[in-house]
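Step one of this worksheet: look at the structure below.
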Amino acid sequence: MSPGTLPQPAAAPAPRNAEVVLTLEHISKSFGDNHVLRDFSLELHRGENVVVLGKSGSGKSVLVKCMIGLLRPDAGRITVLGQDISTLDHEEMDQLRARLGFLFQSNALYDSMTVRENLVFPLRRQWLADRRDQEADLVQQALEDVGLADTANKLPAELSGGQRKRIALARTLILQPEIILYDEPTTGLDPITAREISALIRQVQQKYNTAAFIISHDMDSVRLVADRVALLAEGGCYAQGTYEELARHEDPRVHDFFT
Amino acid sequence: MFSSPFLAETGAIAQFAGRFFREGFRPRYEVREFFHQCYVVGYQSLPMVGITGFIMGLVLTLQSQPTMAKFGAEAWVPTMVGLTIIREMGPIITALVFAGKIGSSIGAELGSMRVTEQIDAMEVSGTNPFKYLVVTRVLATTLMLPLLTVLADGIGLYASYVGINTQGTTTLALFINNVLSGLTFAEVLPAFFKTFFFGFAVGLVGCYKGYHATKGTAGVGAAANSAVVVSSLLIFILDLLAVQITGLLGFN
C-alpha cells in the first residue's frame, strides 16, 4: 500500500497554549439505567491530537457521537469552535459540521456509490457552489493525501479494509475540517496497516494543522498519534497527560493500559 | 399506560408520516434524488407491473367467459372485465406487486444504510437524511404508483381483448366501446385517486422500517420483510376505507 504523498510523521509538540477549539464540560449521558458518561470534561486545542482511552463499552463512541450532535447529552455543555451545540438548530448544526470531520469506526462509506461519488457527496451537500469548478481537483487532492489516487472509480466493496479506512479519511478531509473526530481508526486492521493509518493521522495533523479527537484502545496507535491522552473510566475523565506521563502513572488502573 | 406493541408501532408510523409532512415541503428540496427515485421505483417496475397486468386481464377474461356464455351474456365480458380491472383489480394487484418489489427494496436499502452507519455519515456530512432518503422515496412511490396502475390497467384491458379473441372474434373498436360504455368518471376517478394513498403507504412503511432497522443483518431482513407485510395490510385497509367513502358519496 502506498504511504501517500504527505510528509513523514514526527513527534509534534502538544500546543497547549493554542486556541481551544472544543470543550466538553460536565457531560453526562445515560441509556436507561446504564450511566455511560458522568461529569466528563475535557478541552481540545487547535493543532492538537487528543486520544481518549478506555475499555470497550466505557462510552468512548457515545462521547464522540455527542460531540458531532448524533446523540444529545443528558447534561453538560459541548462547545465546538466557539458555538454551544445545544443551542444550534438543524441548519446551523449542518454549517458547523462542515468544519468538523468524523471518521466512523465502520467507515460508513456509501456502498452504492463509487469512491469519487463518496468524496463528492459532502462537497455538494455543503453548498460549496463556488467550489464546483474545483470539485475534480479537490477529489484528486484528497485521494492523493491518503495515497490512493487511482481508486476514484472503484466501489467500496472492491477495496481492502485499510483502503476503505483511507477513503473514509479522504471523505473526511475533502471539506478541510478544522477538527477531526476519529472513532477507533485502527480497529480491525492488521498491525502494519494500523501503523500506516496512525502515520496518516499524524501527517494530516501536520499538513492541515487540524485538531483531532481520537477514540482508541490500540496502544501502538496511541503512542504514535497522541499529543495528550485522556483515560475514560467510570464515565469521567479519570486521568490525562502525555503518553509518557500516563505510562509512568502509579495508579494501576492507568498503568494497566500501558503494560 | 396501554403499551400494546401494535398501537405503539401505529403511533410511531403516524409520527413518521407527520415528520414527512413537516420536513418534506420545506427547503432544501432534493430534486435530483427525487427524479432518481422516480426512475428507480417507476421505470424499473415497468416490466413487473406490465407482466402482472397482462396476466391479470387474460386470466380474468378466460375464466369469466365460459360462465358468462352460460347465461348468454358473452357480449358483456368486456364491460365486466373493464369495470373489474379499472375499479378494483388493477389498483390492488399493482399496489401489492409494487409493495413486494419496491417496499422490500426500500426497507432493505435503508435498513442496510442504518446498520452500517451510512445514515449517520450522511447527517455528519451536513445532509438531512430524512429529506434525502425518506421524503424523496415517499414522494416517488406516491406519484409513480398511480402511473403504473394506469399502465397496468391498459395492458390488462389489452390482454382481455386478446383473451376474447382466442375464443371468438371481436374488433378492438367494439371492445373499447363496450368497456367505456360501462364506465363513468365517478367510477374511474376514485379508483385512480386511491392509488396515491397506496403508493404513499408503500413508501412510508418501507422507509419507516428501514430507517429504524436495528440488530445488524438480521434487522435488515426483518425490515424488508415487515415493510412488505405491513404495507400490503395497509393497502387492503385503505381499499376498504376507500370503498366506504365512495359508498357514502354515492359513487358505488
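The values are calculated or read from the model by the stated rules, or taken from the named source; none is laboratory data. This is a predicted model, so every value here is computed, not measured. Here the Cβ positions follow ideal geometry from the backbone for every residue, glycine too, while neighbour counts run over all protein chains shown. The protein model used for the area step is the full one, side chains on, heavy atoms only, and it has no ligands, DNA or RNA in it. Shrake-Rupley method; radii C 1.70, N 1.55, O 1.52, S 1.80 Å.
Quick notes on this structure:
- Scope region A:77-102; condition open to solvent by less than 70 Å² (accessible area, probe 1.4 Å) and at the interface with chain B (Cβ under 10 Å from one of its Cβ atoms); matching residues: A:MET93, A:ASP94, A:LEU96, A:ARG97, A:ALA98, A:LEU100, A:GLY101, A:PHE102
- Scanning region A:135-163 for residues that are surrounded by 20 or more Cβ atoms within 10 Å (Cβ to Cβ) and among the basic types (Lys, Arg) yields a total of 0.
- Failed item, numbered, when A:LEU200 is tested on (1) in a loop (DSSP other than H, G, I, E, B); (2) touching a residue at least 12 places away in the same chain (Cβ under 8 Å); (3) outside the structural domain of A:ARG125 (by TED's automatic domain parsing): (1)
- Residue within region B:206-225 that is open to solvent by 30 Å² or more (accessible area, probe 1.4 Å), of a type in the set (Phe, Trp, Tyr) and in contact (Cβ under 8 Å) with a residue 12 or more places away in the chain present: no
- Qualifying residue in region B:123-135 (condition: closer than 30 Å to B:PHE175 by Cα, open to solvent by less than 30 Å² (accessible area, probe 1.4 Å) and away from chain A (no Cβ under 14 Å)): no
- Of all residues in region A:55-68, those satisfying the criterion of being open to solvent by 30 Å² or more (accessible area, probe 1.4 Å) and in a loop (DSSP other than H, G, I, E, B) are A:LYS55, A:SER56, A:GLY57.
- Odd one out for B:GLY72, checked against (1) surrounded by fewer than 21 Cβ atoms within 10 Å (Cβ to Cβ); (2) in a helix (DSSP H, G or I): (2)
- No other residue among A:SER86, A:SER58, A:SER28, A:SER41 is in the same structural domain as A:ILE215 (by TED's automatic domain parsing), touching a strand residue (DSSP E or B) at 6+ places or on another chain (Cβ under 9 Å) and at pLDDT below 85 apart from A:SER58.
- Where helices (runs of 4 or more DSSP H) sit wholly within region A:90-180, those with at least 2 residues that are closer than 20 Å to A:ARG195 by Cα and among the charged types (D, E, K, R) occupy A:135-145, A:161-173.
- Residue check for B:SER104: in a helix (DSSP H, G or I) and more than 17 Å from the chain's Cα centre (by Cα): no
- Residue within region A:111-124 that is surrounded by fewer than 15 Cβ atoms within 10 Å (Cβ to Cβ) and more than 14 Å from every other protein chain (Cβ to nearest Cβ) present: no
- Yes/no for A:ASN107 being crowded, with 17+ Cβ neighbours inside 10 Å, of a type in the set (S, T, N, Q) and within 13 Å of chain B (Cβ to nearest Cβ): yes
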